[in-house]
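Peer 1: Here's a structure for you.
The values are calculated or read from the model by the stated rules, or taken from the named source; none is laboratory data. Small disclaimer: the values here were computed from a predicted structure and weren't measured. No Cβ is skipped: glycine too gets one built from the backbone with ideal geometry, and neighbour counts run over all protein chains shown. For the accessible areas, the whole protein counts, side chains as well, though only heavy atoms, and no ligand, DNA or RNA atoms are used. Shrake-Rupley method; radii C 1.70, N 1.55, O 1.52, S 1.80 Å.
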Amino acid sequence: MSRRTRKIRIAVCIKQVPDTSELQIDPETNTLIRQGVEAVLNPLDEFAIEAGLRLREALAGELTAFTMGPQQASEVLEKALAMGADHGILLCDKAFAGADTWATSLTLARALKQNGPFDAIFAGKQAIDGDTGQVGPGIAAHLGIPQVTNISEVVSADEEGVEVKRMLDTGTAHLRAAFPVVLTALKEANEPRLPTLAGRLRALHSSAQTSSAETLGLSAEDTGLNGSPTRVVKIDVPRPARKRKTIEGPPASAARNLFTHLQEDGCLLK
Amino acid sequence: MSNKLQIQRFSELPPPPVRELNAGEGTKYLTDESRYQGTATALALPRSSEQVASVLAENRRTGTPTTVSAARTGITAGAVPQGGMVLNLEKMDSITGIVKDKDGVFCVQCQAGVTLRDLKKSVRSGTFAEAAHWSRESREHLEEIKQRRLFYPPDPTETTATIGGTVACDASGAHSFAYGATRPYVARIRVVLPDGNYIDLPRGTCFADRNGVFKLVAPDGTEQETKVPRYKQPPTKNAGGYYSGPGMDLIDLFIGSEGTLGVITEVDLRLTEAPEKSCAVVTFWQTEQQAVDFIEAIRRDRDHIGLEAAEFFGPNALSLLRRRREELGETSGVPESLPDHANAANYLDIGTTSADEYASLDAVAAKVHNFNGRAEHCWFAGTRADRERLRLFRHALPETVNDRIGTVQKRFPSLTKLGTDMAVPDEHLRDILRQYRRALDSTGLQYVIFGHIGDNHLHINILPQTPEEYELGKKIYWDFAHTVVNMNGSVAAEHGIGKLKKDFLRIMLGDEGIREIAAVKRVFDPAMLLGRQTLVSAE
């Protein structure tokens, strides 16, 4: 007999980002051209949604997707709903603007607490615009619960917790984590499903629940730019610092020449 | 309106940019996606209409056969040379401005070697690399189009194809169901003729008269009376032979002429309003019958739904895709969630608005339900990334077919897949599909049926395993061509005739039709030097 009296509850935290595959640089001004560029679900968050959906299916639970952003960000909640999420919650308030990873994870943690408790909270590895990878771990810290980052596989799950594989530089760690836990998923973890027609209709039919700073009980000092201990001081476009060398001539002599260069530069084993 | 086609002469011609074809370039310039091998000794890579004219004038003088080519994405060998010179337009890749045609429609003006991909990307982003060098009027038009959501609808599968190639074969794609093929988007062309003179031809200015007669007016004012072909265009998609019919716009004679009348060097392409939202749906069915019933029902509601494309995968096609998934996993391009129970599928593209999306998708879901399908099993793609996944899924089928043929070719190098490209009028869809199945199933040949079911344009790919099967497949293909022609259909709905499908063109147009094509060809190219063995035989 299960000791549980309620359904397993799963959350997934996702973000809307510009579609970088579409970004072009204006040749005259050297700035990003945003015209016609779609705002999309952070591609790495799809693996988190899929992991959440599979856990929900395995444990007959329910899945709620959270995102923080402007009204337009509800589109990524629609995507999660179309993939099969049960609920979507948009954290939307002018006061949230300019938040760094600390303020973002604090806001998300507060929303998770208010709508919780959740047994498993999934996030993607990182967002492709900010590339910090700090929000998932930040949520765990603010909620004071354990975290397992860089999950490459959810091996099994029961009502008490999950067994996962965690990818490390030197190998794979096989761990068991008890609920509640924050899990960040890698792209190796699964193959995200396509949304369904029925899911899309459901998403269009239901409107996402919205929470503001006030409803979350957050003060002006906790959110947005005011709540952010870090500042972006300057952004630089990286300049390639590599040396370039063109080796010409017939293939045989060019190959010999290349070999010599590589040897001189210490690129080949002696 | 006039029936006089004025030929012009360039005041001065630069030296022809010609060189010998290096041995190593053979694989590149001597074949196309059909893999048919040609021969040539010289290569010209012009950058302007004047250079094209100079090459053609010189070749006319020396009697050198010339084959025009560019990206070589065609699959009927139109770009494969038969001796002489390859005239390749890949370096004519400038987008030169934005103009308004006589109806006030914005047109992108480009050289023939611009790729479809570059054109579409530039239009979508409003960024044109050479805009700084455009006229002031063009730059003003650019600012205007940036404020609107315009696009260029023709969508042949190969986006690396060049504009010149797509105009020369009147290319179409899945979206031709809603938007038509390339033809209606061509507002003006410049054609350099085999003698080095040229014609500038805006749409709506020059027509054959009601007897099909028009006059070619040489630069010195002399006139030559000639006639467009009389055969009727089938009431289907069609890319077989010259466009025809009394009263036709003469720009249409060159569109789809497959590089046999002249070299199209510059084109103005009309842009049109893009839908606010684009999405795709894949429906799955237990039987082929359900898929056809669904298509016929959804076609009746096409405007309400905003249906842009309707495609089909038959039972053997889905089995092949399932096996591909098992063998290659995620890299197969076949999503894991392909339902096990499905024996047929339809792919739909839908163009709609935020306000209408629900009604449109709800109508699709209702029809899925009507034919005992389940909306929970239908894939939906609303983002660019998901639509891209479905594009890969669609492409996985022809790729699998090509892989399988590649394996057979290790044993029998001369075997190829046998791919049909035939369309029939709406009322014959069920009948033709039944006839395809009956004939193919009785032979035991491996085959798949897939393609543009919205236009009743299903591709059959036969995968022969032995030379005997290859011969049998060819015979069946031949029989199908006769069946389709009896249904008033087209034997070459989108791939064109090129060098490989001339026999089928004869089935469709008869000896008289072929003679009419040859007669028009001889007026523009009396020495029969351009595009030898394409559409008509040199003799």
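Peer 1: Can you name the number of the only condition in (1) surrounded by fewer than 21 Cβ atoms within 10 Å (Cβ to Cβ); (2) in contact with a Lys or Arg (Cβ under 6 Å, 6 or more places away or on another chain) that A:A82 fails?
Peer 2: (1)
Peer 1: Could you identify the single residue in B:S319, B:S337, B:S360 that is within 13 Å of chain A (Cβ to nearest Cβ), part of a helix (DSSP H, G or I) and either open to solvent by 70 Å² or more (accessible area, probe 1.4 Å) or not aliphatic (A, V, I, L, M) (or both)?
Peer 2: B:S360
Peer 1: Checking B:D386 against (1) within 14 Å of chain A (Cβ to nearest Cβ); (2) within 24 Å of B:F177 (Cα to Cα); (3) among the charged types (D, E, K, R); (4) open to solvent by 10 Å² or more (accessible area, probe 1.4 Å), only one condition comes out false. Which one?
Peer 2: (4)
Peer 1: All but one of (1) touching a residue at least 12 places away in the same chain (Cβ under 8 Å); (2) in contact with a strand residue (DSSP E or B) (Cβ under 9 Å, 6 or more places away or on another chain); (3) not in a strand (DSSP E or B) hold for B:E376; state the number of the condition that does not hold.
Peer 2: (1)
Peer 1: Here's something else I'd like to know. Can you tell me which residues in the range A:37-79 are surrounded by fewer than 20 Cβ atoms within 10 Å (Cβ to Cβ), over 23 Å from A:A198 (Cβ atoms) and within 12 Å of another protein chain (Cβ to nearest Cβ)?
Peer 2: Answer for the range A:37-79, where residues must be surrounded by fewer than 20 Cβ atoms within 10 Å (Cβ to Cβ), over 23 Å from A:A198 (Cβ atoms) and within 12 Å of another protein chain (Cβ to nearest Cβ): A:V37, A:E38, A:A39, A:P43, A:Q72.
Peer 1: Another one. Taking the condition modelled with pLDDT under 95 and either within 14 Å of chain A (Cβ to nearest Cβ) or in contact with a Phe, Trp or Tyr (Cβ under 6 Å, 6 or more places away or on another chain) (or both), does B:R124 pass?
Peer 2: yes
Peer 1: Consider the range B:401-416. How many of its residues are part of a loop (DSSP other than H, G, I, E, B) and open to solvent by 50 Å² or more (accessible area, probe 1.4 Å)?
Peer 2: 3
Peer 1: While we're looking at this one, here's another question. Would you please list the contacts, defined by Cβ atoms under 9 Å and residues six or more apart or on different chains, that run from a residue in the range B:467-484 that is within 24 Å of B:K410 (Cβ to Cβ) and surrounded by fewer than 13 Cβ atoms within 10 Å (Cβ to Cβ) to a residue that is modelled with pLDDT under 95 and among the polar types (S, T, N, Q)?
Peer 2: Listed by first residue and then by second, the contacts come to B:P467/B:S414.
Peer 1: Mind checking which residues of the range A:189-224 are of a type in the set (A, V, I, L, M, F, W, C) and either assigned to a helix (DSSP H, G or I) or over 30 Å from A:R54 (Cβ atoms) (or both)?
Peer 2: Selection gives A:A189, A:L197, A:A198, A:L201, A:A203, A:L204, A:A213, A:L216, A:L218, A:A220.
Peer 1: Among the residues of the range B:341-357, is any within 11 Å of chain A (Cβ to nearest Cβ), closer than 29 Å to A:L204 by Cα and part of a helix (DSSP H, G or I)?
Peer 2: Yes: one or more hits.
Peer 1: Okay, next question. Go through (1) under 19 Å from A:E78 (Cβ atoms); (2) out of contact with any helix residue (DSSP H, G or I) (no Cβ under 9 Å at 6 or more places or on another chain); (3) buried (at least 16 other Cβ atoms within 10 Å of the Cβ) and name the single condition B:S354 misses.
Peer 2: Against the list (1) under 19 Å from A:E78 (Cβ atoms); (2) out of contact with any helix residue (DSSP H, G or I) (no Cβ under 9 Å at 6 or more places or on another chain); (3) buried (at least 16 other Cβ atoms within 10 Å of the Cβ), B:S354 comes up short only on (3).
Peer 1: Find the residue count for the range A:223-261, including only residues that are surrounded by 10 or more Cβ atoms within 10 Å (Cβ to Cβ) and either of a type in the set (V, I, T) or in contact with a helix residue (DSSP H, G or I) (Cβ under 6 Å, 6 or more places away or on another chain) (or both).
Peer 2: Qualifying residue count, the range A:223-261: 7.
Peer 1: Checking B:S54 against (1) out of contact with any Ser or Thr (no Cβ under 7 Å at 6 or more places or on another chain); (2) open to solvent by 70 Å² or more (accessible area, probe 1.4 Å); (3) of a type outside the set (A, V, I, L, M); (4) not in a strand (DSSP E or B), only one condition comes out false. Which one?
Peer 2: Answer for B:S54: the failing condition is (2).
Peer 1: So which residues in the range A:72-93 are free of Cβ contacts under 8 Å to residues at least 60 places away in the same chain and in a helix (DSSP H, G or I), if there are any at all?
Peer 2: Just the residues of the range A:72-93 that are free of Cβ contacts under 8 Å to residues at least 60 places away in the same chain, to begin with: A:72-73, A:75, A:86.
Those that are free of Cβ contacts under 8 Å to residues at least 60 places away in the same chain and in a helix (DSSP H, G or I): A:Q72, A:A73, A:E75.
Peer 1: Is it the case, given these coordinates, that B:A381 is within 14 Å of another protein chain (Cβ to nearest Cβ), surrounded by 20 or more Cβ atoms within 10 Å (Cβ to Cβ) and without any contact (Cβ under 8 Å) to a residue 60 or more places away in the chain?
Peer 2: So B:A381 does not fit the description; no.
Peer 1: Give B:L509, B:L500 a once-over and let me know the one that is open to solvent by 40 Å² or more (accessible area, probe 1.4 Å) and aliphatic (A, V, I, L, M). Talk me through it step by step, then tell me what you get.
Peer 2: Values: B:L509 fails: open to solvent by 40 Å² or more (accessible area, probe 1.4 Å).
Checking each option against the conditions leaves just B:L500.
Let's see how each residue does on (1) among the hydrophobic types (A, V, I, L, M, F, W, C); (2) in contact with a Gly (Cβ under 9 Å, 6 or more places away or on another chain); (3) open to solvent by 10 Å² or more (accessible area, probe 1.4 Å):
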{"site": "B:Y152", "(1), (2), (3)": "no, no, no"}
{"site": "B:E158", "(1), (2), (3)": "no, yes, yes"}
{"site": "B:T182", "(1), (2), (3)": "no, yes, no"}
{"site": "B:R188", "(1), (2), (3)": "no, no, yes"}
{"site": "B:R203", "(1), (2), (3)": "no, no, yes"}
{"site": "B:V213", "(1), (2), (3)": "yes, no, yes"}
{"site": "B:K227", "(1), (2), (3)": "no, yes, yes"}
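Peer 1: In this structure, does B:P398 turn out to be open to solvent by less than 50 Å² (accessible area, probe 1.4 Å), farther than 17 Å from B:T283 by Cα and more than 7 Å from every other protein chain (Cβ to nearest Cβ)?
Peer 2: For B:P398, the condition - open to solvent by less than 50 Å² (accessible area, probe 1.4 Å), farther than 17 Å from B:T283 by Cα and more than 7 Å from every other protein chain (Cβ to nearest Cβ) - is met.
Peer 1: When you look at B:P235, is it part of a loop (DSSP other than H, G, I, E, B) and open to solvent by 50 Å² or more (accessible area, probe 1.4 Å), yes or no?
Peer 2: Criteria met by B:P235.
Peer 1: Only one of (1) open to solvent by 40 Å² or more (accessible area, probe 1.4 Å); (2) in contact (Cβ under 8 Å) with a residue 24 or more places away in the chain is not met by A:F179, so which one is it?
Peer 2: Here A:F179 meets the rest and fails (1).
Peer 1: Further question: Restricting the search to the range A:105-139, which residues are of a type in the set (S, T, N, Q), touching a strand residue (DSSP E or B) at 6+ places or on another chain (Cβ under 7 Å) and open to solvent by 30 Å² or more (accessible area, probe 1.4 Å)?
Peer 2: A:N115
Peer 1: On to the next question. Sort out which residues of the range A:154-163 are touching a Lys or Arg at 6+ places or on another chain (Cβ under 8 Å) and part of a strand (DSSP E or B), and write them in order of number.
Peer 2: Those that are touching a Lys or Arg at 6+ places or on another chain (Cβ under 8 Å) and part of a strand (DSSP E or B): A:V154, A:V155, A:G161, A:V162, A:E163.
Peer 1: Something else about it: Starting from the range A:194-223, keep only residues that are at the interface with chain B (Cβ under 7 Å from one of its Cβ atoms), then list their pairs with residues that are of a type in the set (S, T, N, Q) whose Cβ atoms are within a distance under 8 Å, requiring at least 6 positions of separation or different chains.
Peer 2: Note: pairs meeting the criteria are A:L194/B:S337; A:L197/B:T283.
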